[in-house]
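The values are calculated or read from the model by the stated rules, or taken from the named source; none is laboratory data. This one's a predicted model, so the numbers in the text were calculated from it and none came from an experiment. So basically every Cβ, Gly included, is an ideal-geometry build from the backbone, and we count neighbours across all protein chains shown.
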Amino acid sequence: MGLRTRGRKFLLQCRYAADANGESVTENMELMKMSTRISDPSTRVWIKDLAHAVDQNREEIDALIEGSLVNWSMDRLTPITKLILEQATAEKNYLAIPAPVVIKEAVRLAIEFEGSKTGSFVNGVLDKILIRHIQE
């Protein structure tokens with residue numbers, strides 16, 4: 001597993017924990033011992049940048065996601081699916097990670113945490129977000 005792949009998974013877990021325990025994502029990164037679990041310093045910086053991008057732009061990100069849902073609503077998304085979609089959208093829109101990489105990694109997380117049907121769902125939603133973003 002690559003460094004950023006491991007970093008994405010770690011951040012997803014920290015964001016999920018933050019929603020569950022009310023602590024900040026940064027506090028959960030410390031609680032979950034990022035410095036020992038993610039040994040590469042540049043990957044740790046990248047994770048923090050991604051966490052910051054999601055946090056600072058969450059309203060805009062959620063609007064993009066909601067606008068891309070067909071016969072679905074944000075309140076029907078599982079917490080993990082919502083977090084994966086937010087993280088992936090932030091990667092593409094604020095950290096300039098190429099769309100194919102973003103989609104592949106998000107689908108991988110969705111399958112690992114919620115199964116293949118969720119992987120397909122995440123793929124479809126992200127495809128719509130990225131297509132609309134390119135056309136604007």
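For this structure, a couple of remarks:
- Test: residue in region 47-55 that is surrounded by 15 or more Cβ atoms within 10 Å (Cβ to Cβ), touching a residue at least 40 places away in the same chain (Cβ under 8 Å) and in contact with a Gly (Cβ under 7 Å, 6 or more places away or on another chain): yes
- Filter pass, S39 being over 16 Å from the mean Cα position of the chain (by Cα), within 26 Å of T118 (Cα to Cα) and free of Cβ contacts under 8 Å to residues at least 24 places away in the same chain: no
- Taking the criterion of being crowded, with 18+ Cβ neighbours inside 10 Å and in contact with a Ser or Thr (Cβ under 7 Å, 6 or more places away or on another chain), the residues of region 75-120 that qualify are T81, E105, A110, T118.
- Hits in region 1-42 - residues which are surrounded by fewer than 19 Cβ atoms within 10 Å (Cβ to Cβ), of a type in the set (S, T, N, Q) and either on the phi > 0 side of the Ramachandran plot or part of a helix (DSSP H, G or I) (or both): T5, Q13, N21, T26, S35, T36, S42
- Any hit, region 107-124, residues being within 18 Å of L3 (Cα to Cα), part of a helix (DSSP H, G or I) and of a type in the set (D, E): yes
- When G67 is tested against (1) in contact (Cβ under 8 Å) with a residue 60 or more places away in the chain; (2) over 20 Å from N123 (Cα atoms), only condition (2) is not met.
- Scanning region 25-56 for residues that are touching a helix residue (DSSP H, G or I) at 6+ places or on another chain (Cβ under 6 Å), of a type outside the set (A, V, I, L, M) and under 18 Å from P79 (Cα atoms) returns a single hit, N28.
- V70 being in a loop (DSSP other than H, G, I, E, B), of a type in the set (A, V, I, L, M, F, W, C) and either under 10 Å from the mean Cα position of the chain (by Cα) or within 13 Å of I129 (Cα to Cα) (or both): yes
- Residues that are modelled with pLDDT under 95, assigned to a helix (DSSP H, G or I), farther than 20 Å from A51 by Cβ and out of contact with any Asp or Glu (no Cβ under 8 Å at 6 or more places or on another chain) do occur in region 88-101.
- For region 73-87, a residue qualifies if it is outside any helix (DSSP H, G or I) and among the hydrophobic types (A, V, I, L, M, F, W, C), and exactly one does: L77.
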